[in-house]
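The values are calculated or read from the model by the stated rules, or taken from the named source; none is laboratory data. Only a predicted model underlies this, so the values are computations on that prediction, with no experimental measurement involved. Positions of Cβ are generated from backbone atoms using ideal geometry, with glycine treated the same way; all protein chains shown enter the neighbour counts.
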Amino acid sequence: MRFRPLAIAAAAVAASIACSAHAQMAVFDSANYAKAIEEATTALNQLHQLEQQVTQGEQLLTSLNQNSGVNALATILQQPSIRTILPDLAALETAAQGDLSGLGSIASAAQAIRSQNRLYTPQVGDPIGADVEAAGNRIARDLAAGQAIVSTAQTRLTGLQQLQTSLDTAGDARAALDLQARIQAEQALIANDQMRLQGLAMTQAAEDRMQQQRDRERMEAARDARIALYKAQFQ
């Protein structure tokens, strides 16, 4: 019986220690733990994406600093006969007077056309014959120019198709940008040639009207000469 109070006290002390230990133990929360794992996974994925973007940016910068070699493509577009499809206005005017040599790359064709179709050679000092000769020169010039334009258009089409195909298979961003710039430059040259062709058409039309005017004036001058001769017979 004398040990009973001591046992009761020991039990009380043990119970107190157990309660204190339970109070100090951390409580495990599965929901918070799962959320922490999800946030860590999301952050890791974002880091991987950022690394990929940095790598792609470095690759893009490298490609932009490299020579794409676009000028080595469609070299047929760089031929002088393509770049200077039409001679200048002075050469066109000179050709109309008989000097077809100033027509550049189409001079030989114009001279061949004039020679093959010539049926008459005027006498020196014959104004009517000179007009006939000039008309023949203009026709040879215009026909040769028309043939050259058709041939050049076909060649340009082939070159532009090559550039378009290369654009579809461009290896990097620099090559694609350079190809687009090259195509735009070729289109600008085509637009400039179209303006020159319009000017040539206007020149041709003006030359025809001028010849018609010369013919009318010649007829009027001949009529006046006949009238003057008729009047002189009665004086």
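List of remarks:
- For residue 139, the test of being part of a helix (DSSP H, G or I) and within 14 Å of the chain's Cα centre (by Cα) is failed.
- Check on residue 212, surrounded by 10 or more Cβ atoms within 10 Å (Cβ to Cβ), closer than 30 Å to residue 134 by Cβ and free of Cβ contacts under 8 Å to residues at least 12 places away in the same chain: yes
- Residues in region 156-169 that are surrounded by fewer than 17 Cβ atoms within 10 Å (Cβ to Cβ) and either touching a residue at least 40 places away in the same chain (Cβ under 8 Å) or among the polar types (S, T, N, Q) (or both): 158, 161, 162, 164, 165, 169.
- Of the residues making up region 133-153, at least one is within 28 Å of residue 80 (Cβ to Cβ) and among the hydroxyl-bearing types (Ser, Thr, Tyr).
- Scanning region 169-202 for residues that are among the acidic types (Asp, Glu) and not in a helix (DSSP H, G or I) returns a single hit, 172.
- Applying a threshold of 9 Å to beta carbon distances and a minimum spacing of six or more residues, or different chains, the list of pairs starting in region 108-134 at a residue that is without any contact (Cβ under 8 Å) to a residue 60 or more places away in the chain and ending at one that is among the basic types (Lys, Arg) reads 110/141; 113/141; 114/141.
- Cβ-Cβ under 6 Å pairs, at least 6 apart or on other chains, region 184-202 side assigned by TED's automatic domain parsing to the domain that holds residue 85, far side outside any helix (DSSP H, G or I) and among the β-branched types (Val, Ile, Thr): 193/85
- Of the residues in region 124-131, not one is buried (at least 19 other Cβ atoms within 10 Å of the Cβ) and either in a helix (DSSP H, G or I) or not basic (Lys, Arg) (or both).
- Search result, residues across region 86-123 that are closer than 14 Å to residue 142 by Cβ and outside any helix (DSSP H, G or I): 86, 87
- Filter result for residue 128 (touching a Leu at 6+ places or on another chain (Cβ under 6 Å) and farther than 16 Å from residue 84 by Cα): no
- Of all the criteria given as (1) buried (at least 16 other Cβ atoms within 10 Å of the Cβ); (2) not in a helix (DSSP H, G or I), the one not satisfied by residue 144 is (2).
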